[in-house]
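Note sheet for the following structure.
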Amino acid sequence: MLSYNIDIGENSKWLITTPNDNAKNLPFYIYEIGHFICNKDYYTERKGQKNFFLMFTVSGCGYLKYKEKEYLLPANTAALIYCDNYQFYKTYSVEPWDYRWLHFNGKSSKTYMNIINEDALNVITITEPMEFEQIH
């Protein structure tokens, strides 16, 4: 299941990769990475994609529904979800939702997902956002 409206600004960036068999044997590998500046009509609704999705809000605010719970993603927060589960996310703020994201997988991905989220989604506040952006 996939439904979306990519209502993003012209300064947004999106890179899609095609991991080869060698990459798929690594602890982590990237499918897609981007920096979206999302306007008011931006949304994605998805289920059944077998990879992980990390999102970090730079400014504005996003809304996330994941595993039947609702979350706000204000500036300097990050969330990590597994895309096989239902998710719906959209711009929540009046100003654009500026966020960086990546879809990834790998042999260690599920282990790190479980450490970060434990039994439920854990929206993390990044106390040093500039450092986080430099490594993302």
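Each 10 Å bin from 0 upward holds the following percent of the Cα-Cα pairs of segment 1-61: 17, 46, 29, 8. Only protein atoms count toward the accessible area here, which uses a 1.4 Å probe; on segment 59-126, the carbon and sulfur part of that area reaches 49 percent.
With a cut-off of at most 14 other beta carbons within 10 Å, and DSSP calling the residue loop, which trypsin sites (Lys or Arg not before Pro) in segment 1-80 qualify? Please list them.
Details: sites: K13, K24, K40, R46, K47, K50, K65, K67, K69; in loops: K40, K47, K50, K67.
Loop-located and lightly packed - K40, K47, K50, K67.
Simple point charges give the picture: +1 on the Cβ of Lys and Arg, -1 on the Cβ of Asp and Glu, and for the chain a dipole about the Cα centre of about 440 debye.
For segment 25-119, state which GluC sites (Glu not before Pro) are in a DSSP loop and have at most 16 other beta carbons lying within 10 Å of their beta carbon. Could you put the intermediate results ahead of the total?
Values: sites: E32, E45, E68, E70, E118; in loops: E68, E118.
Within segment 25-119, the qualifying GluC sites (Glu not before Pro) (loop, at most 16 other Cβ atoms within 10 Å) are E68, E118.
Taking the solvent-accessible surface of protein heavy atoms with a 1.4 Å probe, what is the per residue accessible area of the chain in Å²?
Working: 8040 Å² over 136 residues.
Accessible surface, normalised per residue, equals 59 Å².
When the chain is described by a simple charge dipole with +1 on each Lys and Arg Cβ and -1 on each Asp and Glu Cβ, the residue from V123, I30, L72 located farthest towards its positive end is I30. With the radius of gyration and the Kirkwood radius both derived from the Cα set of segment 10-127, what is their ratio Rg to Rh? My calculation puts Rg/Rh at 0.96.
The values are calculated or read from the model by the stated rules, or taken from the named source; none is laboratory data. Predicted model, so just to flag it, every value in this text is computed and none were measured. Ideal geometry is used to build each Cβ from the backbone, glycine not excepted, and the neighbour counts take in all protein chains shown. Accessible surface is based on the protein model in full, side chains and every heavy atom, while ligands, DNA and RNA are left aside. Shrake-Rupley method; radii C 1.70, N 1.55, O 1.52, S 1.80 Å.
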